[in-house]
Amino acid sequence: MELIFASSNPGKIEEIKSVLPSGVKLISLLDLNFIEEIPETANTLKGNALLKAQFAYDTWNKPCFSDDSGLEINFLDGKPGVYSARYAGIHKDNNDNMDLVLSQMEHADDRAACFKTVITLITDGEVHHFEGRVDGIIRRNKKGLLGFGYDPIFEPEGQDKTFAEMTLNEKSKFSHRKRALDKMIAFVEQQFKSVQ
Ligand code: ITT
């Protein structure tokens, strides 16, 4: 089956492509040469995931899903959260976002944080949400070159390396995205079986 993934984030697309079952063909917004930004004006992950999936469904009228994710940091009262992608400003990049977090947490002893993902799937106009979460800590310095976004400063609970020091396979053992995706895959497989 074909599924449109309403994302143009290469890091997310690569992660998701690496774990989808071989029977699912993923078509991202990059594959569709769609370069506009889909407006993310909601103030929750679920709200933004719905906006992106609904936009894709209305535009291409095919089964599609979206991913809205964020890093929630205890010491920062849950920030950057839904504003993770543009925490340091709309024209800033991942490094600027991490630098801002690290400077705001320079004297913080409470390093607890979590990544959350909401995946929204729309098939036949029906909307389904799937959530995933991973707990961990914010390190005092960036470490590792793999992954994307805040990976160099996030270390999942019980591990001694950051997401940016992990291969795609390793990150997938812990990641918020994989946990949400597993729920979506189980749901899609169940639906597929029931129509056979
Ligand atoms: P799309 O909307 O095109 O999917 P985006 O980058 O705008 O891409 P989000 O709105 O979900 O995606 O923003 C989430 C931001 O949170 C993302 O840009 C990263 O900075 C960060 N993020 C999300 N998942 C992450 C992960 O697995 N590792 C590191 N950072 C992550």
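The values are calculated or read from the model by the stated rules, or taken from the named source; none is laboratory data. Just so it is clear, the model here is predicted, and its values are computed rather than measured. Note that we place each Cβ from the backbone using ideal geometry, even for glycine, and neighbour counts take in every protein chain shown.
Summary table
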| read-out | value |
| --- | --- |
| Tally of residues being in contact (Cβ under 8 Å) with a residue 60 or more places away in the chain, hydrophobic (A, V, I, L, M, F, W, C) and assigned to a loop (DSSP other than H, G, I, E, B) across region 19-43 | 2 |
| Qualifying positions in region 42-64 - touching a Leu at 6+ places or on another chain (Cβ under 7 Å) and either exposed (fewer than 13 other Cβ atoms within 10 Å of the Cβ) or farther than 16 Å from Glu126 by Cβ (or both) | Ala42 |
| Criterion: closer than 15 Å to Phe130 by Cβ, modelled with pLDDT under 95 and either away from the ligand (no atom under 11 Å from the Cβ) or touching a Lys or Arg at 6+ places or on another chain (Cβ under 7 Å) (or both) - qualifying residue of Leu3, Leu50, Leu20, Leu45 | Leu20 |
| Wholly enclosed strands (runs of 3 or more DSSP E) of region 86-183 bearing at least 1 residues crowded, with 19+ Cβ neighbours inside 10 Å, within 10 Å of the ligand (Cβ to nearest atom) and more than 12 Å from the chain's Cα centre (by Cα) | 154-156 |
| Unique residue being more than 18 Å from the chain's Cα centre (by Cα) and more than 11 Å from the ligand (Cβ to nearest atom) when the list is Lys79, Lys62 | Lys62 |
